[in-house]
Amino acid sequence: MHRLIACLIALSLAHVPLAARSQPMTMDQIEAAFAAGDHDTARAGLASLISDAPSPQAQFRYGRMLLEGLGGAADPVEGLRLLRAAADAGQLGAVTYLGRVHLTAGPTRDPERAARYFHHAAARGVAEAKYYLGILTRDGVGVPQDAASALTWMQAAAEDGYGPAQFELSKHLADATPPDLAQAARWLTEAANAGVPDAQFALAREVQAQGGPIAQVIALFTDAATDGHVPSQRALGTLYLTGAEGQAPDGVQAEAWLRRAVQGRDLVALHNLGMGYLQGTVLPSAPEQAVELLTLASDNGFARSSLALARAYEDGTASAPDMATALQHYRLAVDQGSDAAARRLGALILDGATKPRVPPHDAVPWVLARLQADGEARARDWLVARAAEGVRPAQAGLGAWLLTQPDGAVTARPLLQAAADRGHVPSQFRLGEAYTTGLFGDVDYVAAHGWLNIAAASGHIRATQMRDTITDLMTPDDIAAAQSVTRAFFEAARTQPPVPTVSE
């Protein structure tokens, strides 16, 4: 449409005599050029019009172009002067625009001035200004915080048909106590119909979750994605990649939308596109390209991509099997927060499949992850053996797990004691907490205070808080006895060799 308008303008000018072309453009012609994206023509026309007969509308449009650098070099000083002149003349577009300018980070930011401009425009019925006043009043920016007034402004803007306000009102109603889900759904639909991409995305997700028509889901995602909404581009591409009831996979659409989302720096899209090339079912099989994409996502901290690379190197999906490289990626995925990677590493340890050998201190958290997931017997047996060998992380981890199991406290105590004696601060805290609650039998405030004090000396905040709480429940003799426990621990620690620094 914009190209069509620009062509019509060009054709109309081509048939105008030269003498007539020297006449200044009308404001309607300038607005048409601006709407068509022909900023050079619009700016030239405005420059001439401003010098001859500066109207508030011309001042607003030219001031904005100068401020944003459209159609030529930016001139913020002159741009602001013209915008303020237009606003002083009552041009509501300039008033609202100046409000946004003074909310933007930078030298012109002035939230209080922004609020004054928005009040002026809102009082004259500008829905966008009402919306911004709702945001400012809700957050207490430039105006006193007032939740009731914020809701009033937001409702007014929503009822005026302003899409972003309808979306904000929908979220507010959904999160209210109690929530008003019917009205929240109503305003979400209104916002989506108004073309708000975030609302279209949210509504598509809601329809999808409720098992609604897949055609509606695709239409909503497509509208938002076409408008440049990256999460919708990713969701649409993923839907075409996996397929859904009523929609068969479509490799062409999947690749196109995922690539657009990747251009928007979406890591999930990057991962999904890489997996599509790796699997080679809906998308063409392209292992090298898959590894390149997954590596890029992994390098940006995306744990699922690190895990996918580890599996690919382990089973040879992308190249010849390479356990050493697989282990590197599994470790990276664990560092990035992947529990699945930790469990897989635990399985490899238990299977004896890790080459080169992994030190027990490093392996303990992975085997522990398998134990915590399903209580796997061989994981427990491995940890028991390592604890018996004096591996402190095994003592601490197994002891902590046993505390969570029925009748496990008796077995946990010597393990935690061994780790605590060797300086493991979390185990010191767990011992203190268990003695405080009577998990080992009777409550023992002396032992509890002693261990909590030892942990607190290493900066354990919860230990400090718990110790201070139980101090009020103890007699002076009990406190003295607990302090003796603490002194004995540190005196013994000074005579023991340091515990080797290991990964725990």
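Any read-out appearing in this document is the output of simple, stated calculations on the displayed coordinates, not a laboratory observation. What you are looking at is a predicted structure, and each value in this text was computed from that prediction instead of being measured. No Cβ is skipped: glycine too gets one built from the backbone with ideal geometry, and neighbour counts run over all protein chains shown.
Which whole-number percentage describes the relative contact order of the range 373-504, with Cα contacts under 8 Å and a sequence gap of 6 or more?
Numbers: 147 pairs, mean separation 21.3, N = 132.
Value for the range 373-504: 16 percent.
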Relative contact order as a percentage, the chain, C-alpha pairs under 8 Å and 6+ apart, gives 4
Pairwise centroid distance, computed over Cα atoms, of the range 238-277 with the range 445-468, Å = 52
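If you add up the charges near Y162, with Lys and Arg at +1 and Asp and Glu at -1, over every other residue whose beta carbon is less than 12 angstrom from its beta carbon, what do you get? The partial results should precede the final answer.
On the way: positive: K130; negative: E128, E159, D160, E168, E190.
Counting the neighbours of Y162, the net charge comes to -4.
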Listed highest first by mean packing, meaning other Cβ atoms within 10 Å per residue, what order do 105-113, 266-274 come in?
-> 266-274, 105-113
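For I349, I461, what ranking results if the residue with the fewest other Cβ atoms within 10 Å of its Cβ goes first? It would help to have the intermediate numbers written out before the result.
Details: I349 21, I461 10.
Ranked by crowding around the Cβ, least crowded first: I461, I349.
For a Förster distance of 25 Å, can you work out the FRET efficiency between the beta-carbons of S319 and A388, rounded to the nearest 0.05?
Values: r = 40 Å, r/R0 = 1.61.
Once rounded, the FRET efficiency stands at 0.05.
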Along the three principal axes, how long is the chain when you take its alpha carbons, biggest first, rounded to the nearest angstrom?
-> 101, 64, 45
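Compute the Rg to Rh ratio over the range 301-389 from the alpha carbon atoms, using the Kirkwood formula for Rh, and round to two decimal places. Mind dumping the intermediate values first?
Details: Rg = 12.8 Å, Rh = 13.1 Å.
On the Cα set of the range 301-389, Rg over Rh gives 0.98.
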When a/c is below 1.5 the answer is rounded, else prolate if a/b is larger than b/c, else oblate, so apply that to the range 399-504 with a ≥ b ≥ c taken from the square roots of the Cα gyration tensor eigenvalues.
-> oblate
On a 0 to 90 degree scale, rounded to 10, what angle separates helix 56-68 from the longest Cα axis of the chain?
-> 40
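Near A482, within a Cβ-to-Cβ distance under 11 Å, what is the net charge of the other residues, with Lys and Arg +1 and Asp and Glu -1?
Numbers: positive: R467, R487; negative: D444, D477, D478.
That sum, taken over residues with Cβ under 11 Å, equals -1.
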Obtain the nm distance between the two label points defined at Q289 and V252 by a simple spin-label model: each point lies 7 Å from its Cα along the Cα-to-C-beta direction.
-> 1.6
Taking Y445, Y240 and counting other C-beta atoms within 10 Å, the order from fewest to most | Y445, Y240
Taking neighbour counts of Cβ atoms within 10 Å as a proxy for exposure, in what order, fewest first, do V358, V367, V410, V291 appear?
-> V410, V358, V291, V367
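Normalised by the residues of the range 371-412, what does the relative contact order come to in percent, with Cα pairs under 8 Å and at least six apart? Please report the intermediate quantities before stating the final value.
Working: 27 pairs, mean separation 10.7, N = 42.
That works out to 26 percent.
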If you average 1/r over every pair of different alpha-carbon atoms in the range 71-127 and take one over that average, what Kirkwood value in Å do you get?
-> 11.6
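Ranked highest first by average number of other Cβ atoms within 10 Å, how do 212-223, 293-304 line up?
On the way: 212-223: 17.7, 293-304: 19.3.
Output ranking for 212-223, 293-304: 293-304, 212-223.
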Charge tally in the Cβ shell below 13 Å around G125, where Lys, Arg are +1 and Asp, Glu are -1, G125 excluded = -1
With a bin width of 10 angstrom, please list the P(r) values of the range 255-340 as percents of all Cα-Cα pairs, from the 0 bin to the one holding the largest distance.
-> 21, 51, 25, 2
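For the chain, what is the calculated [θ] at 222 nm in deg cm²/dmol (nearest 500), taking -39500 (n - 2.57) for each run of four or more DSSP H residues and dividing by its residue count?
On the way: 29 runs with 367 residues, N = 504.
Helix contribution divided over all residues of the chain: -23000 deg cm²/dmol.
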Sort all Cα-Cα distances of the range 388-432 into consecutive 10 angstrom bins from zero, then give the percent of pairs in each bin up to the one containing the longest distance.
-> 36, 57, 7
